[in-house]
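Notes for the one structure printed next.
Just so it is clear, none of the values below were taken in a lab; they were calculated from the coordinates. Here the structure is a predicted model, which is why all the values come from computation and not from measurement. Every residue, glycine as well, gets a Cβ built from its backbone with ideal geometry; the counts of neighbours run over all protein chains shown.
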């Protein structure tokens, strides 16, 4: 398949990104199962966080939406459908659909609550009796990826709104007794530099996964990264062509995993051991248990397996738990050593 140059700016291919396996795995698993709850990526400046996230969005297969719908409504899934589309279906209206690229929405640091959630035109509602809603970024992100760079610098109130919508899959806007509710099911990806401060433990816990990335130290890998980037900058379409087969391979693997996910099972004994690990680590609440179970199933599906194994759990459990150990905002996040030690003892390694 030839890459035909077009007017849109080419995106660096996901499969051309060297290293940063932890970040790439966390993103892929959240795309396979968005209910994992998103990922917080913390790492040094210039380590390719933004590049990787945009590359993943570009890699994903197109989605079918109701034509000209402001919420990217699904044609048959009620959980991903706006109220107007539901009403049309109930009235037997013939609805047209279109294919679009997976939405990739950037949340600017200075965004207001109205910009994020959307606004209701009160004047029009009172004078004309028409409920007019101006969609915000949460509406545009439905069925896509919402990316917040420097999330640790974002106002806590806005972070709360994002996390609530990501967890429930819905956004509700209320003004002067008028209420609008719409689907907002997206993969929430936050990134930041730990030098600029961590998120509060209560907010951090709401992210399904936490990926930690560091600047590559090995000279040969650094050279490889620089060469890859230079090659893309000088001739992006040749670079895209070079990685097209790998891109298609990964895309098909993700689609296959999404289809397989509902049938993947995890033994009761393994679920008990996951909860035992969470108990020993003194993880607050049950979110750690739930996310680890979901992530292990997503990883098993990604490996084209019907049943979760101990190895699958070991691959994902650090990503799911390391950020839940911090009780004091002044503490640093565990690198994963503590989680691995407990996992080894519980699973008898």
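Angle check, please: helix 219-234 long axis (alpha carbons) against the longest principal axis of the chain (alpha carbons), in degrees 0 to 90, nearest 10.
It is inclined by approximately 30 degrees.
Order of 215, 15, 47 from fewest to most other C-beta atoms within 10 Å? List each step's numbers first, then the result.
Numbers: 215 10, 15 17, 47 20.
Starting with the residue having the fewest Cβ neighbours, the order is 215, 15, 47.
Given a cut-off of under 8 Å on Cα pairs at least six residues apart, what relative contact order in percent is computed for the chain? Mind dumping the intermediate values first?
Working: 577 pairs, mean separation 76.2, N = 349.
Normalised by residue count, the contact order of the chain is 22 percent.
Starting from the 7 Å offset along Cα-to-Cβ, what nm value, one decimal, do you get for the label separation of residue 50 and residue 246?
Using points 7 Å along Cα→Cβ, the separation is 2.3 nm.
Compute the length gained on full extension between residue 222 and residue 112: take 0.36 nm times their separation in residues and subtract their Cα-Cα distance, giving the result in nm to one decimal. Walk me through the numbers before you get to the answer.
Numbers: separation 110, 0.36 × 110 = 39.60 nm, distance 3.88 nm.
Answer, rounded to one decimal: 35.7 nm.
Name all residues of the stretch 40-77 having a backbone nitrogen under 12 Å from the label point set 7 Å from the Cα of residue 195 along its Cα→Cβ direction, giving them as ranges.
Taking a point 7 Å out along Cα→Cβ of residue 195, the residues of the stretch 40-77 whose backbone N falls under 12 Å are 43-47.
I'd like to compare 218-228, 191-201: which one has the highest average count of other Cβ atoms within 10 Å, and what's the full order after that? Let's see the in-between values first.
On the way: 218-228: 12.2, 191-201: 16.4.
Peptide ranking by packing, descending: 191-201, 218-228.
Would you order 343, 187, 337 from fewest to most other beta-carbon atoms within 10 Å of each residue's own beta-carbon? It would help to have the intermediate numbers written out before the result.
Details: 343 23, 187 29, 337 10.
Listed from fewest to most nearby Cβ atoms, that is 337, 343, 187.
Within 10 Å of each residue's Cβ, count the other Cβ atoms and sort 39, 18, 189, 272 from fewest upward. Present the calculation step by step, with values, prior to reporting the outcome.
Numbers: 39 24, 18 15, 189 29, 272 11.
Sorted ascending by nearby Cβ count, the order is 272, 18, 39, 189.
Explain nothing, just the number: relative contact order of the stretch 1-97, from Cα pairs under 8 Å at least 6 residues apart, as a whole percent. Kindly include the intermediate steps, with their values, before the conclusion.
On the way: 60 pairs, mean separation 19.9, N = 97.
21 percent.
Tell me, what is the FRET efficiency for residue 233 and residue 90 to the nearest 0.05, using R0 = 56 angstrom and their Cβ-Cβ distance as r? Intermediate values should be presented prior to the final figure.
Details: r = 52 Å, r/R0 = 0.93.
Efficiency for this residue pair is about 0.60.
Run the numbers for residue 271 and residue 132: contour at 0.36 nm per residue of separation, minus the present Cα-Cα distance, in nm.
Roughly 45.3 nm would be gained on extension.
Label-point separation (nm) for residue 314 and residue 168, each offset 7 Å from Cα along Cα-to-Cβ?
Distance between the two pseudo-spin positions: 4.1 nm.
For the stretch 264-346, what does the alpha-carbon gyration tensor say about shape, rounded, prolate or oblate, given a ≥ b ≥ c as the root eigenvalues, a/c under 1.5 as rounded, and a/b over b/c as prolate? Numbers along the way, then the final one.
Values: a/c = 2.06, a/b = 1.88, b/c = 1.10.
Note, shape of the stretch 264-346 comes out prolate.
I want to check the label-to-label distance for residue 97 and residue 83. Put each point 7 Å from Cα in the C-beta direction and report it in nm to one decimal.
My value for the distance between the label points is 2.4 nm.
In nm, what is the difference between 0.36 nm times the number of residues separating residue 282 and residue 70 and their Cα-Cα distance?
72.0 nm
Over the stretch 264-346, calculate the relative contact order: mean separation of alpha carbon pairs under 8 Å at least 6 apart, over the residue count, as a percent.
Details: 86 pairs, mean separation 28.3, N = 83.
Dividing the mean separation by the residue count of the stretch 264-346 yields 34 percent.
For a paramagnetic label modelled at 7 Å from the Cα of residue 62 toward its Cβ, which residues of the stretch 87-116 fall within the zone defined by backbone nitrogen distances under 20 Å?
Those under the cut-off are 95-105.
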